[in-house]
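> Here it is: the structure, laid out below.
The values are calculated or read from the model by the stated rules, or taken from the named source; none is laboratory data. The model shown is predicted, which means the values in this text are computed figures rather than measured ones. Note: ideal-geometry Cβ built from the backbone for every residue, glycine included; neighbour counts use all protein chains shown.
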Amino acid sequence: MSSYKARFKVWRGDVEGGGLKDFEVEVNDGEVVLDIIHRLQATQAPDLAVRWNCKAGKCGSCSAEINGRPRLMCMTRMSVFTREETITVTPLRAFPVVRDLVTDVGFNYTKARQVPAFVPPAELGPGEYRMMQEDVDRSQEFRKCIECFLCQDTCHVVRDHEENKPAFAGPRFLMRVAELDMHPLDAASDNGLDRKKTAQDEHGLGYCNITKCCTEVCPEGIKITDNALIPLKERAVDRKYDPLVWLGSKIRRRSS
Amino acid sequence: MATGTEPHLNSGGVRTGTRAAIDAPHLRTDRWWLAPAATAAGLLAFIVYSTWRAFANADYYSAPYVSPFYSPCLAENCKNMPSGPNADLFGSWWAISPAIIILIFPLGFRLTCYYYRKAYYRGFWASPPACAVAEPHKKYSGETRFPLILQNIHRYFFYAAILVAAVLTYDTVLSFRDTDENWGHMGLGTVVFLINIVLIWAYTISCHSCRHIVGGKLKHFSKHPVRYQAWKFVGKLNARHMLLAWASLVSVAVADFYVYLLASGAFDDPRFF
Amino acid sequence: MSVVDRQEWDVVVVGAGGAGLRAAIEARERGARTAVICKSLFGKAHTVMAEGGIAAAMANVNEHDNWQVHFRDTMRGGKFLNQWRMAELHAQEAPQRVWELETWGALFDRTKDGKISQRNFGGHEYPRLAHVGDRTGLELIRTLQQKIVSLQQEDKKETGDYESRLKVFQECTVTRILKDGSRVSGVFAYERETGRFMVLEAPSVVIATGGIGKSFKVTSNSWEYTGDGHALALLAGAPLLNMEFVQFHPTGMVWPPSVKGILVTESVRGDGGVLRNSEDKRFMFDYIPDVFKEKYAESEEEADRWYEDPENNRRPPELLPRDEVARAINAEVKAGRGSPHGGVFLDVSTRMPAEIIKRRLPSMYHQFKELADVDITAEAMEVGPTCHYVMGGIAVDSDSAAARGVPGLFAAGEVAGGMHGSNRLGGNSLSDLLVFGRRAGWHAAEYATGLSGARPPVDEVQIDTAAAEALRPFSAEGPAPGEDDGRPPENPYTVHQELQQTMNDLVGIIRREGEMEQALEKLADLRVRARRAGVEGHRQFNPGWHLALDLRNMLLVSECVARAALERTESRGGHTREDHPTMERKWRNINLLCRLTDPTGGLAATDPVRGQITLTRETTDPIRADLLALFDKEELVKYLAEEELYE
């Protein structure tokens, strides 16, 4: 077992301002970045603010940007860096900062509320649901999501354009719409809710330019773009961009 | 508290006032620019090559091979290609290269393809250049407005691409002839055409729209077992859509270039039998 | 008078894991205005860590299953110490609770005919665990979270405000339960983000804060598991039950050090994984206790046949209840037959093809690959016991989940005691959360609406005292003038580490009288030091401060564990005494209750001998005759005392 001193730069500050602070800290075999942050807390900076919970990549709390890449601190092993490298840790840069590595992720909770919930089929009671495995596979993949919000953080639609936040739900919640639209027993359409259409009209699917950063950063390996966003775009096309229907509606509008 | 507390620029994006005050547009230390740069270079090379060849209006037929850029050939000014993909739909008024007529379709297919969109949004438009690297644009509306809203018609280009692929398949069959139109022969060009058509089909079938149409749009796979199998098959190909996009792009250029070499007399097709 | 934000609610739920959210849903659906307070972000609760499944006798896979069999398994697993009425309700209601989740959008793995699939698990006679791969806890928490959102959407439609009837206060910590005489009047809490104090006035408080694992060094539990609910109840005057029973999960990761303790799900064994020692021997065959002899295979051949044909073969001993497996691993390591890093080998790589492993155990594959750089399809895992769950907890009424002696206080989930007896079966935790979470929410709502106009008033003095207590770490700058030992304030992280080491070494998986006495002295010392734990910086999201406040709870709970463990001179379930190695029938009907010695709030008592906790013994109600009749007489004689049998 060998240990060494690593150089870290950790962003410290709050909404008033802040900067990268230098640390030298011990690193042991098999450790992850979160271990090092904890060591800093215990030995050098007891008030260093950081969110974490399970430390096993299951809860999605310890999201941060490590050397500029959105990652879970608990799932970033120190062995991926060289010993000479200075490792930079900053809070998520798409959300308002609270303090140090902690950001205000309220955006995501606001968006979660805007997606209409699962609509149970009226004719089935508890215990009467029958679904085939192949019919739930797709939605199950999306339900692996641990809501670390790394996809929301990396998505340039809101990361680089604060003004798009009201209009765009972000990959996580567009995926939620896809999950519900693919749920074999979701009865939204019986209640007049067309998830395919609202994905485009209310949740900002059109902003997505499928540049796949959400998929790239997903710690659960969910194929967000290929399996959720693009299928959802295709479903929206079914509803909205059939050119004949579109042309028809244009002509009618003009003549009226 | 912090070393060199930076004043907040508050200039939008990651420098929005409420976010962590970090001036740098990104802090990535890896070679993040490599992928978009390589993509841009590759696409640019193809654009230059294909523009030259499409407007050349020459050296696209050397029996039994017809360049995929000129097939099907739909104007009167097309070379006569014995039993080849000639169909004079446009007549004599079409004065420039007949390649332009047909290339619209594969071009449109690739331009609206979900993979190529990613490639050129990142490579050419830097929107974004790479993940968590700030993009240089002040405004962004994605594919919500004209002209990018037209990306939604991808599936109709897919249908057209199927027709084009069918014609190219026909061309490949024709390549099993010799220069005198006798069947049962093969040359190096036949192999080039075979590889190309396999890649073209694989790329076309692996399209996201195709995946949607064959089964993705269904709510209950269990009620459509055949379409479910088709969807799974397309899904497997679709996972390699990027690879197939590049492979077929190269192969179509190679096939064309091969015909160019033959037609311009720079090279003789080695015949196997 | 401190400046605090004050709000009125009908029901306040402390904790947003499975039990807390289920309670909140129930209370809101029964018309109570409900607030949920949680330490983490909404949806991050420790419940997400549960992997195996939810035990419910739905009989989807084996038609012979029913609630009676489930009840029997639960009682056997708990060594008959369970509060039997809870075990009965749990077994009866669990299927309804699972089915209800489906109507809220949960997507469990399916059987061939489209029902919820159920898997085998340690201690369960039939395949019984509804599951989603190995991320069942995540599915549970997400479903409940989304149900809450859907209720809020309904409220928005009706009242224009998402939070008019159901609100989640995330990243807030409750430090005191406020009382009006003996009854609950609200809670005192601080917001982690800003450090601001708030008081939620409410006649009903449901405690659903989970467990205590963070008092131990090797644990599968997250930082939240500091025994807050246990301590809050104690401080409010409610007793804790059987705190000596702490479950050490047999298979935690042992390497690398940074992930030591993280769980390796039991489904690895349910799906065919086997335990071997350094001599490559499947040692579990040597550790089948007499009470289980007839139920488990005697040869490797029979055990292997069971996976394919459970009807005609007995199950492999790897699937014994957790306490047995944990002790066996402990014994192998002590005998020098352990793996290089002090565990044993858990192997699936030689048992199934890589593809199957990846499909059935995706997150385990992931976990080992990412965290330990081990490919479980190619090599064996190294595993060892890790502190996982506390069976003891707040003493509650079985039917209403009401805490004893404090009207308006309810408890559900891991923080409540009794349900699991001396040892919990895998899969029974998630079902426990749902069954008793619902019951707690229901009765809390009923109690609150029953009071109608006469809400208990909040005492200003209690608010001021609570505020002062919460602020003390900022002024703990060493000794007061006059007492000059000149030491700087204690670092809360150091105190915490010493506490974890103490509990791990002295009140861990195998216990001895002398060591526990030593532990009590050490705890008293730590308690003195914890009072001097100081913090730097300010109140805004300051983890050092948060930890300093949590120390009070961990120390209280640790003392309960140590005192009760010292008192119970037998070995049973999650309590193993080296000096009293056998299970004693005379202890079967004895509950140990912990109460605060000085309930007037004087936590200053630092006398190591007296401590803060007083233990009392209590004899449990006899098990109802029709439930006893579910067991064979031969089995009962192993557990019950003579006189209990003849009654």
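> When the residues of the stretch C:613-647 are narrowed to those that are in a loop (DSSP other than H, G, I, E, B) and at pLDDT below 90, which ends up surrounded by the fewest Cβ atoms within 10 Å (Cβ to Cβ)?
Within the stretch C:613-647, the match that is surrounded by the fewest Cβ atoms within 10 Å (Cβ to Cβ) is C:647.
> Within the stretch C:420-436, work out how many residues are among the hydrophobic types (A, V, I, L, M, F, W, C) and within 13 Å of residue C:247 (Cβ to Cβ). Explain how you work it out, then say what you get.
Keep residues of the stretch C:420-436 that are among the hydrophobic types (A, V, I, L, M, F, W, C), which gives C:425, C:430, C:433-436.
Next cut, within 13 Å of residue C:247 (Cβ to Cβ) only: C:425.
Residues in the stretch C:420-436 being among the hydrophobic types (A, V, I, L, M, F, W, C) and within 13 Å of residue C:247 (Cβ to Cβ): 1 in total.
> Of all residues in the stretch A:72-84, how many are farther than 21 Å from residue C:541 by Cβ and either within 10 Å of chain C (Cβ to nearest Cβ) or touching a residue at least 60 places away in the same chain (Cβ under 8 Å) (or both)?
7
> Moving on to the next point. May I ask you to verify whether residue B:53 is within 27 Å of residue B:123 (Cβ to Cβ), at pLDDT below 95, surrounded by 15 or more Cβ atoms within 10 Å (Cβ to Cβ) and of a type in the set (D, E, K, R)?
Spelling it out, it is not the case that residue B:53 is within 27 Å of residue B:123 (Cβ to Cβ), at pLDDT below 95, surrounded by 15 or more Cβ atoms within 10 Å (Cβ to Cβ) and of a type in the set (D, E, K, R).
> If you don't mind, there's one more thing I want to ask. When you go through (1) of a type in the set (D, E, K, R); (2) more than 14 Å from chain A (Cβ to nearest Cβ); (3) in contact with a helix residue (DSSP H, G or I) (Cβ under 8 Å, 6 or more places away or on another chain) one by one for residue C:183, which number turns out not to apply?
Of (1) of a type in the set (D, E, K, R); (2) more than 14 Å from chain A (Cβ to nearest Cβ); (3) in contact with a helix residue (DSSP H, G or I) (Cβ under 8 Å, 6 or more places away or on another chain), only one is false for residue C:183: (3).
> OK, next. When both residues are 6+ apart or on different chains and their Cβ atoms are under 6 Å apart, which pairs have a first residue that lies in the stretch A:151-162 and is facing chain B (nearest Cβ under 8 Å) and without any contact (Cβ under 8 Å) to a residue 12 or more places away in the chain, and a second that is surrounded by fewer than 24 Cβ atoms within 10 Å (Cβ to Cβ) and not small (Gly, Ala, Ser)?
From residues that are facing chain B (nearest Cβ under 8 Å) and without any contact (Cβ under 8 Å) to a residue 12 or more places away in the chain, the pairs are A:160/B:135; A:161/B:140; A:162/B:16.
> Still on this structure: Which pairs have Cβ atoms under 7 Å, sit 6 or more apart or on different chains, and link a residue in the stretch C:147-160 that is closer than 22 Å to residue C:106 by Cβ to one that is modelled with pLDDT under 95?
Listed pairs, sorted by first residue: none to list.
> Can I ask one more? Among the residues of the stretch C:195-205, is any within 14 Å of another protein chain (Cβ to nearest Cβ), surrounded by fewer than 24 Cβ atoms within 10 Å (Cβ to Cβ) and part of a loop (DSSP other than H, G, I, E, B)?
Within the stretch C:195-205 (the criterion being within 14 Å of another protein chain (Cβ to nearest Cβ), surrounded by fewer than 24 Cβ atoms within 10 Å (Cβ to Cβ) and part of a loop (DSSP other than H, G, I, E, B)), the answer is yes, since at least one residue qualifies.
> Name the residue that is modelled with the highest pLDDT, counting only residues in the stretch C:116-145 that are assigned to a helix (DSSP H, G or I) and in contact with a strand residue (DSSP E or B) (Cβ under 8 Å, 6 or more places away or on another chain).
Restricting to residues being assigned to a helix (DSSP H, G or I) and in contact with a strand residue (DSSP E or B) (Cβ under 8 Å, 6 or more places away or on another chain), the top hit is C:140.
Matching residues to (1) within 22 Å of the chain's Cα centre (by Cα); (2) not hydrophobic (A, V, I, L, M, F, W, C):
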site	(1), (2)
C:522	no, yes
C:526	no, no
C:530	no, no
C:535	no, no
C:547	yes, no
C:558	yes, yes
C:562	yes, no
C:570	no, yes
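> Can you tell me how many residues within the stretch A:1-53 are in a loop (DSSP other than H, G, I, E, B) and more than 30 Å from residue C:48 (Cα to Cα)?
Selection size over the stretch A:1-53: 5.
> Now for a separate question. Does residue B:112 fit the bill of being among the β-branched types (Val, Ile, Thr), surrounded by 15 or more Cβ atoms within 10 Å (Cβ to Cβ) and under 30 Å from the mean Cα position of the chain (by Cα)?
Yes: the conditions hold for residue B:112.
> Considering the stretch B:134-159 alone, what residues qualify as being within 8 Å of chain A (Cβ to nearest Cβ) and touching a Lys or Arg at 6+ places or on another chain (Cβ under 7 Å)?
Answer for the stretch B:134-159, where residues must be within 8 Å of chain A (Cβ to nearest Cβ) and touching a Lys or Arg at 6+ places or on another chain (Cβ under 7 Å): there is none.
> Continuing with this model, one more query. Against the definition (in the same structural domain as residue A:146 (by TED's automatic domain parsing) and either touching a residue at least 40 places away in the same chain (Cβ under 8 Å) or not basic (Lys, Arg) (or both)), how does residue A:110 come out, yes or no?
Values: in the same structural domain as residue A:146 (by TED's automatic domain parsing): yes; either touching a residue at least 40 places away in the same chain (Cβ under 8 Å) or not basic (Lys, Arg) (or both): yes.
It is true that residue A:110 is in the same structural domain as residue A:146 (by TED's automatic domain parsing) and either touching a residue at least 40 places away in the same chain (Cβ under 8 Å) or not basic (Lys, Arg) (or both).
Residue-by-condition table, conditions (1) under 24 Å from the mean Cα position of the chain (by Cα); (2) on the phi < 0 side of the Ramachandran plot; (3) buried (at least 24 other Cβ atoms within 10 Å of the Cβ):
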{"position": "C:15", "(1), (2), (3)": "yes, no, yes"}
{"position": "C:22", "(1), (2), (3)": "yes, yes, yes"}
{"position": "C:37", "(1), (2), (3)": "yes, yes, yes"}
{"position": "C:47", "(1), (2), (3)": "yes, yes, yes"}
{"position": "C:55", "(1), (2), (3)": "yes, yes, yes"}
{"position": "C:70", "(1), (2), (3)": "yes, yes, yes"}
{"position": "C:76", "(1), (2), (3)": "yes, yes, no"}
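> Look through the stretch B:18-56, keep the residues that are among the hydrophobic types (A, V, I, L, M, F, W, C) and either in a loop (DSSP other than H, G, I, E, B) or under 30 Å from residue A:18 (Cβ atoms) (or both), and return whichever of them is farthest from the other protein chains (Cβ to nearest Cβ).
By that ranking, first place goes to B:33.
> OK, next. Among helices (runs of 4 or more DSSP H) lying entirely in the stretch A:116-189, which contain 2 or more residues that are over 16 Å from residue B:216 (Cα atoms) and small (Gly, Ala, Ser)?
Result: empty, no element qualifies.
> Follow-up question, since we're still on this one. Where in the stretch B:206-273 are there helices (runs of 4 or more DSSP H), lying fully within it, with 3 or more residues that are within 30 Å of residue B:178 (Cβ to Cβ)?
The helices (runs of 4 or more DSSP H) meeting that bar are B:241-263.
> Next question. With the requirement that a residue be charged (D, E, K, R), crowded, with 21+ Cβ neighbours inside 10 Å and more than 13 Å from chain C (Cβ to nearest Cβ), what does the stretch A:1-60 give you?
A:21
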